[in-house]
Amino acid sequence: QVQLVESGGGLAQPGGSLRLSCRVSGFISVINAAGWYRQAPGKEREFVASITSGYSTYYADSVKGRFTISRDHAKNTVYLQMNSLKPEDTAVYYCHAASVRDTYWGQGTQVTVSS
């Protein structure tokens, strides 16, 4: 099994920054990619960013140039640095990890962007 635990959400002002962390534990060796999704009230869950075991990164168009995904192999942790935050970034952010056979989700962390 694989467990994901997010942290780092909270309240930020428009134009501000937050950093989310996702600690991965369990059978880490089976993970091919990890990343972040988000779900705003009344909307579908949507892809935000991902990073592969080979350190390739992918971003949704809505966050390109503002968000940066990274990973610390030694700490088994994936990060999402969010800069230039906008009110439309408000959502519950979920850490996601995928192996060849399964997908895994964290419990989610709330990000609110408001003045």
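The values are calculated or read from the model by the stated rules, or taken from the named source; none is laboratory data. Everything quoted here is computed from the prediction, not taken from an experiment. All Cβ positions, glycine included, derive from the backbone under ideal geometry; neighbour counts span all protein chains shown. Just so you know, the surface numbers come from the protein's heavy atoms only, side chains and all, with ligands and any DNA or RNA stripped out. Shrake-Rupley method; radii C 1.70, N 1.55, O 1.52, S 1.80 Å.
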Completion exercise
Any GluC sites (Glu not before Pro) in segment 35-103 that lie in a DSSP loop and have at most 16 other Cβ atoms within 10 Å would be E44
Exercise for the section: Once you have the Cα-Cα distance between S114 and S29, take 0.36 nm times their residue separation minus that, and quote the gain in nm to one decimal. Expected result: 26.7 nm
Practice task
Return the FRET efficiency for the residue pair E46, K75: r is the Cβ-Cβ distance, R0 is 25 Å, and the value is rounded to the nearest 0.05.
Solution key: 0.40
Completion exercise
Relative contact order of the chain (C-alpha contacts under 8 Å, at least 6 apart) in percent is 37
Problem - Nearest-10 value in Å² for the accessible area of K75, using the 1.4 Å probe - result: 110
Handout entry: Dipole magnitude (debye, nearest 20) for the chain, charges at Cβ of Lys, Arg, Asp, Glu
Key = 160
Fill in the blank from the handout: Computed over segment 29-79, the relative contact order (Cα-Cα under 8 Å, seq sep at least six) in percent reads 27
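Restricting things to Cα coordinates, could you compute the convex hull volume per residue of segment 63-115 in Å³? Present the calculation step by step, with values, prior to reporting the outcome.
Values: hull volume 5.9 nm³, N = 53.
In segment 63-115, the Cα convex hull volume per residue is 111 Å³.
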Exercise for the section: Could you run the Debye sum over the Cα atoms of the chain, one equal point scatterer each and no solvent, and tell me log10 of I(q)/I(0) at q = 0.14 Å⁻¹, two decimals? Expected result: -0.51
